[in-house]
Amino acid sequence: MPIPVSTLIGSPRRLITAIVMFAALDLSVLMINLWLANQIAQDAVAINLAGRQRMLSQQTTKALLLTTRATTPNEVNAAAQEVDLAFGLFERTLLAFADGGQTTGGDDAPVTLQAVEGEAAEVVARARTLITPVRGLLPAAATAQEGRAYTAAADYMVGNNREILALMNRLTTALEHDSVRRSRDLRAIQTGAFVLALGNFLVIVLGMLRRHRQMEKESERWREMARHDPLTGLANRKAFTETGLGILARARVDGSAGAVLVIDLDGFKPINDRFGHATGDQVLVQLAARLESTARTTDLVARLGGDEFAILCPNLHDPEHIGQFCNRLVAAIGDIPDDICPGNALGASIGIATYPKDGYDLHHILGQADRAMYAAKQAGGSRWMLL
C-alpha cells in the first residue's frame, strides 16, 4: 500500500522504504510477466498436444484396420509398428496430462506437461478408462497369420472412435478455457502490482518534490534571515547594500534622483546602561516600527548595526519634501511612550545625502550621509542635516 506523502516527507528512512517498495513491486511486475509468458507457452504446448490426441486416435484406428487387411508380412509389420507408435504416444500423452510428466512433442523433443485439473482432469480420466482395454487386445507379435488378431482391437477403436474424438475435443476446449482463466488472473495480478508500483512511484515523486520545495523554502527562509535584522525584522546592512546597489544602478540608467538617510539615536546609551539591554531592545523594536510606519512603501529601511539605521528613499530629492519627511521621523522617534523608553529622552540625528548630486555610488553616498549625521549630532542632536 503506498505510503502517504506527509509520512514520506516526515522521515527520510520512510522515503527510502517507499523506494525499496517501488523496486520490489517493479520486480514483481517483471516476474509476473515472465511467469505469464512461461504459462502461456506451456498452455499453448498442452493445447497443441490435446489437438494432436485426436489425430493419434484416428491414426491408431486406421493402422489397426490396415493390419486386419494386410496380405503380406511386411504390410502387417508396417501397420503394427504404426499402431505401436501412435497408440503408445497417445497413452503417454494421456498419462502426462493425468499425472504430470514427460511425453514427446511434435518435433520429437521431450515435453513436460503439468497435471490437468477440473474438467480437463475428468476428461483425461474418462479417456484413459476408455482406451485401457485396447492394450490387452493387441497381440504380442505381428505376422501375416496373426493379422486377424488385431481385429478385436480395431473393432473396439472403431466402436469408440466417436467418443474418443469427443473427449479429445472436450480436453482441448477445457485446456483453452483454463489457459484463458489463468491468463486473466495473472494479468489482474500484474495490473494490480503495476498500479501499486505506479502509485508508489507517484507518491515518491510527489514526496521528493514536496521535500525539495520544503528545502527550498527552508533555504529561502535562512537567506531571508541572513538579510534581516533578527531583533527588529528590518533589512540588515547586507540586504541594504545589495538592494541599494540595484536601486542606484537603475537610477543611473533612468537619471532619477533620491536620498539616503543615516539615523543615529541620541541618548540611547544611557537608557541601555541604566535600564538594561532588554529595555534597550524594546526601544529599538519600537523605533524600527515607527521608522517603517513613517517611511513610504517604496523606501528601504534598514538597521546598519547597534543604534544606527538607514533609509533609502527613491524619488525623494526636493529639499522641502526631504525636510518634511525628516521632521516626521524626528517627531516619531521622540514620541516613543515612556513605558517603553523610560524618561522619554530619546532623539535622533539624521544625515542626508542625495543622488545624483553625490553620485550613484552607494558607499560614497553613505559616507556623505554619515558625515551629515555627525554634523547634526555635533549641532546638538534631534535634528537633520543635508550637506
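Considering amide H positions built from the backbone, and no H for Pro or chain starts, which residues 5 or more places from Asn315, or on another chain, come under 5 Å of its amide H?
Ala257, Gly258, Ala259
Could you go through segment 291-299 in sequence order and give the Karplus-derived ³J(HN,Hα) for each residue, using 6.51 cos²θ - 1.76 cosθ + 1.60 with θ = phi - 60°, rounded to whole Hz, and x for Gly and Pro?
Result, rounded to whole Hz: 5, 5, 6, 7, 5, 7, 5, 8, 7.
How would Arg182, Arg252 line up by accessible area, probe 1.4 Å, largest first?
Greatest to least solvent exposure: Arg252, Arg182.
Cross-link partners among aspartates and glutamates for Lys377, C-alpha distance below 16 Å, same-chain residues fewer than 8 apart left out?
Asp264, Asp266, Asp307, Glu308
Given a 1.4 Å probe, how much area per residue of segment 84-184 is accessible, in Å²?
Computed with neighbouring chains in place, this is 53 Å² per residue.
Could you rank Val253, Val134, Val285 by how accessible they are, 1.4 Å probe, largest area first?
Correct descending sequence by accessible area is Val253, Val285, Val134.
At Gln378 and Ala115, where each label point lies 7 Å from the Cα along Cα→Cβ, what is the point-to-point distance in nanometres?
The answer from the label model is 11.2 nm.
The values are calculated or read from the model by the stated rules, or taken from the named source; none is laboratory data. Keep in mind that this is a model prediction, so the values were computed, not measured. Here the Cβ is made from the backbone with ideal geometry for all residues, glycine too, and neighbour counts use every protein chain on show. What goes into the accessible areas is simple: the full protein's heavy atoms, side chains included, and nothing from ligands, DNA or RNA. Shrake-Rupley method; radii C 1.70, N 1.55, O 1.52, S 1.80 Å.
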